[in-house]
1. Among (1) more than 35 Å from the chain's Cα centre (by Cα); (2) exposed (fewer than 14 other Cβ atoms within 10 Å of the Cβ); (3) at pLDDT 80 or above, where does ALA150 come up short?
2. Being at pLDDT 70 or above and touching a Pro at 6+ places or on another chain (Cβ under 9 Å), is that true of even one residue in the range 124-143?
Amino acid sequence: MKPCRRNRKKIALLTLAALDPGEGRKLRSHLEICPGCAEYLQQLVNVGERVRTAKMETDIETSAAYHREIVAALRAQAATREALTVVLQRWLLRWRVGVPVGLALLLAAAMLVLWLHHGPSPIAGSGRAGIAAGPNRQGDFEPTISNYMAVADRSFEQFDDLLTQQANKRSAHFPVFTARGISGSDVPD
């Protein structure tokens, strides 16, 4: 059986005689009704007895070289901690300045790349990018519904001119899709 979770630490303190007397009385009354906790107490008492009755060997001697190795290892560990602390402090000081500067430079570079890739927005203040600014550039943008809507919002005359110019252009590089009904003779067997 397993002991109650909340009582394990109290039982260990009871075996060491380190538990508050009031808590000890409550725990002893609990031990009378809980077999899991009573078994756990007995196991701890058994372990304590084995430790107390264990034979200690006092004739063990360590060499001077062993002591030198231990002291050297402790000094190396302390030096490593100090060096790590210094490096960490320097990094944190640089981090406070370096990260914001690095992020600002990265953001500026990304904006420059985007600006060079797409060019400046043709219509200042428009929410729709890629729309022609004036009549001389109307044929230079993608023929999308949102671009047509933007031109139509400005002026129906400009929209008519745009559609006329695009109709007169050669559109050899655009595929032409048509919709037609499928008859029984068009369907393969």
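1. It is condition (2) that ALA150 fails.
2. Within the range 124-143, the first condition is being at pLDDT 70 or above, and the residues that meet it are 142-143.
Filter once more, so that each one left must be touching a Pro at 6+ places or on another chain (Cβ under 9 Å): none.
Among the residues of the range 124-143, not one is at pLDDT 70 or above and touching a Pro at 6+ places or on another chain (Cβ under 9 Å), which makes the answer no.
The values are calculated or read from the model by the stated rules, or taken from the named source; none is laboratory data. The structure presented is a predicted model; accordingly, all values stated were derived computationally and were not measured. Every residue, glycine as well, gets a Cβ built from its backbone with ideal geometry; the counts of neighbours run over all protein chains shown.
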